[in-house]
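Visitor: Encoded as structure tokens, here's the structure I'll be asking about.
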Amino acid sequence: MLEVLIFIYQNYWDKHDALELKETDETIMAYELSQAGFNHQDILHAVDWVKDLRRSVQQPRYLHDPAAIRIFCEMERSKINDESLNFLTLLQRSDIITAYERDLIVDRGMVLPQETLSMEDIRWITMMVLWDETRKQDYLFVEDALFNPQGLSLQ
């Protein structure tokens, strides 16, 4: 399903404001995804994933105590590797993402059907969350981290 989300991201988020896609646009998008050869179930799940992301982005944010520490549960740690969790922590400490966005990225990753998520998967999800938030500068930082051949140094 992540491949469908990446396709949507590359082909639709650049052309439309992700928050402004209408149901008719989603119908057209689903048809075009089908024509591109994606599985019908994956398309339906991807469209739902995007809708849930839109709803989450529009929700009121919780206040984060800077002294608070986020402990990832066993289920999160088994699906998202330490390198990816460290990447999210680095982004939060660098004020690229907020605690709410970190948790949104983890949530969106946890609902994906695959058993584990790679660092690249987490970077894609992060870019989708930041793009949906229309935070271009932070989005560009993560995009560079994704496509930079040396990757992002976590040291």
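Visitor: Show the residue pairs meeting these rules: Cβ distance below 7 Å; 6+ apart or different chains; first residue within segment 74-85 and closer than 13 Å to V106 by Cβ; second residue loosely packed, with under 11 Cβ neighbours inside 10 Å and of a type in the set (D, E).
Guide: Partner pairs satisfying both residue conditions: K79/E115.
Visitor: Checking I125 against (1) under 13 Å from L5 (Cα atoms); (2) out of contact with any strand residue (DSSP E or B) (no Cβ under 9 Å at 6 or more places or on another chain); (3) not acidic (D, E), which test does it fail?
Guide: (2)
Visitor: Continuing with the same structure: Within segment 7-65, track down each residue that is open to solvent by less than 90 Å² (accessible area, probe 1.4 Å), modelled with pLDDT of 85 or more and farther than 19 Å from L104 by Cβ.
Guide: Once the filter is applied, which keeps residues that are open to solvent by less than 90 Å² (accessible area, probe 1.4 Å), modelled with pLDDT of 85 or more and farther than 19 Å from L104 by Cβ, segment 7-65 yields F7, A30, E32, L33, S34, A36, G37, F38, N39, D42, I43, L44.
Visitor: Report every pair of residues separated by at least 6 positions or lying on different chains whose Cβ atoms are under 6 Å apart, first residue within segment 1-28 and under 12 Å from V47 (Cα atoms) and assigned to a helix (DSSP H, G or I), second at pLDDT below 80 and not polar (S, T, N, Q).
Guide: Cβ pairs passing all conditions: A18/D132.
Visitor: Further question: Restricting to segment 88-123, give me the number of residues that are open to solvent by 20 Å² or more (accessible area, probe 1.4 Å) and outside any loop (DSSP other than H, G, I, E, B).
Guide: 11
Visitor: Which of the residues that make up segment 52-73 are in a helix (DSSP H, G or I) and touching a residue at least 12 places away in the same chain (Cβ under 8 Å)?
Guide: D52, L53, R54, S56, V57, Q58
The values are calculated or read from the model by the stated rules, or taken from the named source; none is laboratory data. Remember, it's a predicted structure, so these values are computed and weren't measured experimentally. For neighbour counting, all protein chains shown are included, and Cβ atoms are generated from backbone atoms with ideal geometry for every residue, glycine included. With ligands, DNA and RNA removed, areas are computed over all heavy atoms of the protein, side chains included. Shrake-Rupley method; radii C 1.70, N 1.55, O 1.52, S 1.80 Å.
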